[in-house]
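Structure first, commentary second.
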């Protein structure tokens, strides 16, 4: 599960834990350098912690080169201050993107936590899962923000915003399940022919 800015305490705990595992001193060190030190010591840091593990991918497309580097650490069983239920591993994912034409480089680091153990999900598997999660989430948010124009909704009272968000998510899921690839076109088709929308929830038109 990616940990966002709306969970600042958990995010800070994960950063603290990974930094301690990297350096043993809380100083800034790249993941690759830390792993080199871990291999030399053959065990985790000097406190006996598990070693950091690394997975990296690179892709070229849309005029950009994107490199992703994931560092993952199994949470020590004796650790008491990270109390998130079911925590097994924590990770950081750094995305480095370079524009091939301009040479501009920008970076983004996200943090996460999972209930999957090292045996259930190694570093490469976690990297694939996180990428899949973000692809789904970004696609959903894009449709809600752009196609459904959700940001301009004036609904603010009580639980109505959450209810409408659930309705939008359901409608998007039904359209995708029906084979729609262009949701804006699918919305226009349902608006012009309401029975198409009703068919998605199993209501058939009777003459």
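The values are calculated or read from the model by the stated rules, or taken from the named source; none is laboratory data. Just so we're clear, the structure is a prediction, and the values are computed from it rather than from any experiment. All Cβ positions, even for glycine, are placed from backbone atoms using ideal geometry, and neighbour counts span all protein chains on display.
Quick notes on this one:
This table checks each residue for (1) assigned to a loop (DSSP other than H, G, I, E, B); (2) at pLDDT below 80.
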residue: 11; (1), (2): no, no
residue: 16; (1), (2): no, no
residue: 21; (1), (2): no, no
residue: 28; (1), (2): yes, yes
residue: 34; (1), (2): no, yes
residue: 37; (1), (2): no, yes
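- Verdict on residue 121 being surrounded by 12 or more Cβ atoms within 10 Å (Cβ to Cβ) and assigned by TED's automatic domain parsing to the domain that holds residue 78: yes
- Hits in the stretch 48-63 - residues which are exposed (fewer than 14 other Cβ atoms within 10 Å of the Cβ) and more than 15 Å from residue 128 (Cα to Cα): 48, 60, 61, 62, 63
- Within the stretch 157-207, being over 27 Å from the mean Cα position of the chain (by Cα) and outside any helix (DSSP H, G or I) holds for 157, 158, 193, 201, 202, 203, 204, 205, 206, 207.
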